[in-house]
Amino acid sequence: MNNSIDKNSNFKICIVKLSAMGDIIHAMIALQFIKKNFPNARIDWIVENGFKGVLENNPHIDNILPVNLKSIKTKKTEIFNQIKLLNQYAKNNYDVVIDAQGLLKSAIVSKIVGGRTVGSQIIGFDKNSIREGISSWFYDKTVSISYDSNTIDRNVRVLCEPLNIDVTSEDIQSKKPFLYFNNSYMNKLTVSYNLFVIGSTWNSRNYPKEKFVEIAEKLKIKTYIVWGSEEEKIKALWMEKESEYLSILPKVSLDELKFVISKSSLLIGNDTGPTHMAWALNIPSITIFGPTPINRTYITKINKVVKSSSIVNHYKLNKNDFSIKDISSDKIISIAQGLLK
C-alpha cells in the first residue's frame, strides 16, 4: 500500500481467513488496530459458512461474506456455485484483498475476489512463510514472517504491515476484547462458574476426562462443560455423573458460546477454538497443549498454558503424540487456584 495513504480514507479491504475457529480468532485481533488507524475503511471478511458466527456482531466488520468450499469435497460440481458467489463478491471492487490463511484455496479465493479495481493489490505471506508456498504466486505483494513464529503475531503482521500499521507485542497484550455477541442466552447459569472445553479436532489433543474431573473436585466450583460433537457429549455426560460440581451445557450456537465464555470466571480447555475465545475476551484461561506448539496463543497474567514434555515440529505435527495424557492434574489445579484468587 502507499505509505502516504490518508488515515481518513474510506478504501475497501477484504480479509480472507476461511477457517478454523482458533485461526479466525487469532486474526480478528488485527481489526481493532486497522480501525484505529483507518476509521472510515470498509472491512469485509470471507469465511467458511460454519464459522461465520465467530465474526458476527463485530462492529469492525462491515460485511461477513460466507462461502462453502467444503461442499466441493462431496459434490465436485459445487465448485461452479462457489466461483459464481466469489465473482459476486468481486463486484465490491476492493482496494486490497489480504489472504491471512496462506493456503492454495484461500489464495485462489483472493485472486478471484481481488484485482478488479485499478491499483488494487492482493497480499499474502511469501513462499517461505507458509506450508503451501505455491500460494504466494497469486499475490501482488508478500509479507515475510517465520512459519514457526507466534500464530497471533503472524496474523497481525500479514494484516497490518501492508497497511503500514505497526503493532507491538505490548499492543497485543493490552488489547481490547474483540468478540461480540447478543445477550440472548436464556438458560439460567450459576452466577459464578468455570468452564471446561473438553474436545478438539484430534483425540491426541484431548486432555483425559478423568483428569478434568479431578480438577473440578479439587477446585470445588460450579463448572459447565462445553461440547460440540456427540462423542464429546457422551464424554461430558460421564463427567457430569462423576462430580457434583460438573454440569453439561446444552448445545449452543457460536454467538451463545461467546456470551457464556464472557461471563465465566475461568476457562480450562484443550488447544481449540472455544479455549482461544477466552483469550480474545480477556477471560482467565488455561490452555492444555500436547502435540501442538504453545505459540498458538499469548501467555499473559490471566492466560496461562500447560505443555506436555514432547517436542513439537511446527512443520509436521504428530497426531499420534498422546503426551497430553501425562500432564498432572495437580499442575493445572495449582495454576487455576492462582488465577481464581
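Quick note: the coordinates plus some simple rules give every number you see, no bench work behind them. Worth saying up front: this structure is predicted, and the values here are computed from it rather than measured. Neighbour counts run over all protein chains shown; Cβ positions are idealised from the backbone, glycine included.
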| request: Could you name the lysines whose alpha carbon sits less than 23 Å from that of K12, not counting residues in the same chain fewer than 8 places away? | output: K35, K36, K52, K84, K91, K105, K111, K141
| In the stretch 230-280, with Lys and Arg counted as +1 and Asp and Glu as -1 at Cβ, which of these residues, L246, I261, I234, has the Cα nearest the positive end of the dipole, that is, farthest along it? | I261
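Relative contact order (percent) for the stretch 16-173, with alpha-carbon contacts under 8 angstrom and 6 or more residues of separation? Spell out each step's value before the answer.
Numbers: 251 pairs, mean separation 33.6, N = 158.
Reported as a whole number, the value is 21 percent.
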| message | Run the helix sum for the chain: -39,500 (n - 2.57) per DSSP H stretch of 4+ residues, divided by residue count, reported at 222 nm to the nearest 500 deg cm²/dmol. | response | -9500 deg cm²/dmol
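Order these by the 10 Å Cβ neighbour count, fewest first: K127, K319. Spell out each step's value before the answer.
Numbers: K127 16, K319 12.
Going from sparsest to densest Cβ surroundings: K319, K127.
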| query | In what sequence, highest mean first, do 144-155, 287-298 appear when ranked by Cβ atoms within 10 angstrom? | reply | 287-298, 144-155
| note | Given Cβ charges of +1 for Lys and Arg and -1 for Asp and Glu, the option among N87, N63, I34 whose Cα lies farthest towards the positive end of the dipole of the stretch 12-173 is N87
| said: Which of G228, G114, G199 ends up with the largest GNM mean-square fluctuation for the chain, with Cα atoms connected below 10 Å? | reply: G228
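I'd like to know how the chain sits against the 2.2 N^0.38 Å rule of thumb: what's its Cα Rg over that expected value? The partial results should precede the final answer.
Numbers: Rg = 20.5 Å, N = 341, 2.2 N^0.38 = 20.2 Å.
Taking the Cα Rg and dividing by 2.2 N^0.38 Å, one obtains 1.02.
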| said: Please compute the length gained on full extension between N10 and N182, using 0.36 nm multiplied by the number of residues separating them and subtracting their Cα-Cα distance. | reply: 59.1 nm
| field | Bins of 5 Å, starting at 0 and running to the largest distance - Cα pair percent for the stretch 240-281 | value | 5, 19, 29, 26, 15, 6, 0
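Taking the Cα centre of the stretch 1-140 as the origin, how large is its charge dipole in debye, to the nearest 20, when only Lys and Arg (+1) and Asp and Glu (-1) carry charge on their Cβ atoms? Please report the intermediate quantities before stating the final value.
Working: 18 positive and 12 negative charges, 68 e Å.
Here the stretch 1-140 has a charge dipole of around 320 debye.
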| said: If you only keep lysine pairs separated by 8 or more in sequence, or across chains, how many in the stretch 284-328 come under 23 Å at the Cα atoms? | reply: 5
| field | the chain: most fluctuating residue of S204, S264, S192 per GNM, C-alpha cutoff 10 Å | value | S192
| task | Normalise the Cα radius of gyration of the stretch 194-340 by 2.2 N^0.38 Å (N = residues in it) and let me know the number. | result | 0.96
| task | Mind checking the full-extension length gain between V191 and N318? Use 0.36 nm per residue of separation minus the Cα-Cα distance, one decimal, nm. | result | 41.7 nm
| note | Between the alpha carbon centres of the stretch 225-302 and the stretch 73-119 the gap in Å comes to 33
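Looking at the stretch 1-123, what % of the alpha carbon pairs are farther apart than 23 Å? Before the final figure, lay out each step's value.
Values: 2076 of 7503 pairs.
Every Cα pair in the stretch 1-123 considered, those over 23 Å come to 28 percent.
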| Dipole magnitude of the stretch 157-261 about its Cα centre (Cβ charges: Lys, Arg +1; Asp, Glu -1), debye to nearest 20 | 240
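What order do you get for H60, H276, H26 when you list them from fewest to most C-beta neighbours inside 10 Å?
Working: H60 19, H276 28, H26 25.
So the residues, fewest neighbours to most, are H60, H26, H276.
So for the chain, averaging the separation of alpha carbon pairs under 8 Å that are six or more residues apart and normalising by length, what relative contact order in percent results? Let's see the in-between values first.
Numbers: 659 pairs, mean separation 52.5, N = 341.
Rounded, it is 15 percent for the chain.
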| What is the spin-label model distance, in nm, from I83 to E132 if the labels are put 7 Å beyond Cα along the C-beta direction? | 1.7
| Cβ charges +1 (Lys, Arg) and -1 (Asp, Glu), total dipole of the chain, debye | 300
